[in-house]
Structures are given as C-alpha cells and as structure tokens.
1. Which numbered condition trips up G138, out of (1) away from the ligand (no atom under 11 Å from the Cβ); (2) small (G, A, S); (3) closer than 21 Å to L198 by Cα?
2. Does the stretch 105-120 contain at least one residue that is in contact (Cβ under 8 Å) with a residue 40 or more places away in the chain, in contact with a Pro (Cβ under 9 Å, 6 or more places away or on another chain) and β-branched (V, I, T)?
3. How many residues, within the stretch 142-160, are assigned to a loop (DSSP other than H, G, I, E, B) and under 15 Å from K189 (Cβ atoms)?
4. R230 fails exactly one of the following numbered conditions: (1) over 17 Å from S6 (Cβ atoms); (2) surrounded by fewer than 18 Cβ atoms within 10 Å (Cβ to Cβ); (3) within 16 Å of the ligand (Cβ to nearest atom); (4) of a type in the set (D, E, K, R). What is the number of that condition?
5. What residue, of A36, A46, A14, A9, is aliphatic (A, V, I, L, M) and surrounded by fewer than 18 Cβ atoms within 10 Å (Cβ to Cβ)?
6. Taking the stretch 144-162 on its own, how many of its residues are near the ligand (Cβ under 10 Å from one of its atoms) and farther than 21 Å from K109 by Cα?
7. Just the residues that are in contact with a Gly (Cβ under 7 Å, 6 or more places away or on another chain) and within 23 Å of L44 (Cα to Cα), please, taken from the stretch 209-221.
8. When both residues are 6+ apart or on different chains and their Cβ atoms are under 8 Å apart, which pairs have a first residue that lies in the stretch 224-239 and is of a type in the set (D, E, K, R), and a second that is modelled with pLDDT of 95 or more and assigned to a strand (DSSP E or B)?
Amino acid sequence: IVYEDSTSASKAIAQEIADLIRVKQAQKQTCVLGLATGSSPKGLYAELVRLHKEEGLSFSNVVSFNLDEYYPMEPDSVNSYVRFMKEQLFNHIDIIPENCFVPEGRLTKEEIRIYCEQYESKIEAFGGIDLQILGIGGNGHIGFNESGSLQNSKTRLVALDHITRVAASADFSGLEKTPRTAITLGVKKIMEAKRVILMAWGEQKANIIKASVEDEVTNKVPASYLQEHRNATFVLDKAASSKL
Ligand code: GLP
C-alpha cells in the first residue's frame, strides 16, 4: 500500500493496531505485538500515544516483544533499544512494564543461546505474535537478520554487516564505537506472526523495496521472504515506492 507520506501511512497502521487491540479486549484476550526500532516506526508510536491520550485506547491487554537489541548493551545507555522503546512508546501509554520484552543486551556469551530459546518460548506461551511491525535496513535486513539469514533462522546472536554499522555509526559517534553484534529475533518467528506490516519511507529505501517486493526470494535480501507470508503488507510512502 502506497500513501502520500509517512504521516498518513503511520496513522493508518496505528488505526489497524488500535482495532486489533480493541477486538482482543472485547474477547478478553491478550494482544501480542512484535515491535521494531529505528526511525521508521517513530511516527507510528507517536500516533499510538495520541490514540491513548486523546481517544482512550488502552494497552492493558498488550504484550510486546521487540525484534532486537545491540550486544553488548546496557539498558539505560542512550543507544539501547530498551531506552528507545520507553522514550518513544512505553513511558507514555498504560502498557504493563512487565509485559514489555526487549532482548537483553547484558548477557554473558555463554548465556545467550539459552536466553534466545527462552525468548522464543515466551512468545509461544502467549500464542505467537498477532501483529509484527518491521522496518527494513538498506541491505534488506529485517530485525537484525542480515543478508544470508535463512528463512528458518532462530533468535540468536548475529554479526552486524558493515553497511548496518555504518548506518548506526552516527548514533554511536563513530564506527569504532558501534557494536559489532546484536541479538535478533530469527526469521522463522517473524514469518510465524499472524500479520506482518513492513514500513519504509524515503527514496533511499526505494531500491531495496523493489528488490524485496519484485525480485526473487533470496537470503541475500531477508525482507524478500515476506513474499511468502500469508498476510504481510509493505506500507510505503511515495518515495519508497518510486522504483516499483
Ligand atoms: C536497525 C533496526 C531494524 C530497522 C533498521 C532500519 O537496523 N535493527 O529493525 O528496521 O534499523 O532503520 P530505519 O527505520 O531507521 O531506517
């Protein structure tokens, strides 16, 4: 779906999420959201905060699982995704803090494998992800599933691509200080989500959007796996859709 701009697109996605939360509330069920970081979802989170404050949307039945976190990372560090989510969303809505899960960046190397298995088990215990929000990296990564990630990949520690680190280096004041690794939800759990919405804004995403949507499904471009998802939508602004 192509919108005139990212603001109208973000509002439409927020409305779909609000509708889903309310349907689940009426059924006295938990709504499991898969959440993303990066600049792309900021407008969506701002709109969800507005719906909470101005239209009484409650998140009391929402459980959220974030896609990824840098490793190593302290949760209160300026660049942590825990901090990002609190600042952009969690601190401004009535979601129960214990229901907000972001991969832990403070584990020892030995703890990571079992932690990742437990992260997936927790998602399964809540019945899987109802709606997964995604951004897309310039190389087609989803979460931190970089080029080469397999369709059945699990939640794991990954090495970040050079291009991903360069993109992040401004936040970390230089490439040398930019983490080399991260923990990411695997492609498999993303593909198991009942509904997936990938958002992309701006001309700089146009080439990778074309590759993801119109070219062959390949592990070189993990976002292309979504062509095989039963209920995935790419929500774009005009600029991001300009090469389609
Ligand atoms: C990071 C995140 C991804 C995100 C990507 C794109 O790599 N781990 O989940 O999709 O950035 O970021 P942006 O939305 O800022 O373009």
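1. (1)
2. Looking through the stretch 105-120, none of the residues is in contact (Cβ under 8 Å) with a residue 40 or more places away in the chain, in contact with a Pro (Cβ under 9 Å, 6 or more places away or on another chain) and β-branched (V, I, T).
3. From the stretch 142-160, those assigned to a loop (DSSP other than H, G, I, E, B) are 143-144, 146-155, 160; that's our starting set.
After this cut, where a residue has to be under 15 Å from K189 (Cβ atoms) as well, the list is 143-144, 149-155.
Count: 9.
4. (3)
5. Details: A36 fails: surrounded by fewer than 18 Cβ atoms within 10 Å (Cβ to Cβ); A14 fails: surrounded by fewer than 18 Cβ atoms within 10 Å (Cβ to Cβ); A9 fails: surrounded by fewer than 18 Cβ atoms within 10 Å (Cβ to Cβ).
Sole residue among the options that is aliphatic (A, V, I, L, M) and surrounded by fewer than 18 Cβ atoms within 10 Å (Cβ to Cβ): A46.
6. As a first pass, look at the stretch 144-162 and keep what is near the ligand (Cβ under 10 Å from one of its atoms): 144-146, 160-161.
Remaining after also requiring farther than 21 Å from K109 by Cα: none.
Number satisfying all stated conditions: 0.
7. S212
8. Hits for this filter: D237/V2; D237/Y3; D237/A200; K238/V2; K238/Y3.
The values are calculated or read from the model by the stated rules, or taken from the named source; none is laboratory data. Note that this is a predicted model, so its numbers are computed, not measured. A quick note on method: Cβ atoms are made from the backbone with ideal geometry, for glycine too, and the neighbour counts reach across all protein chains shown.
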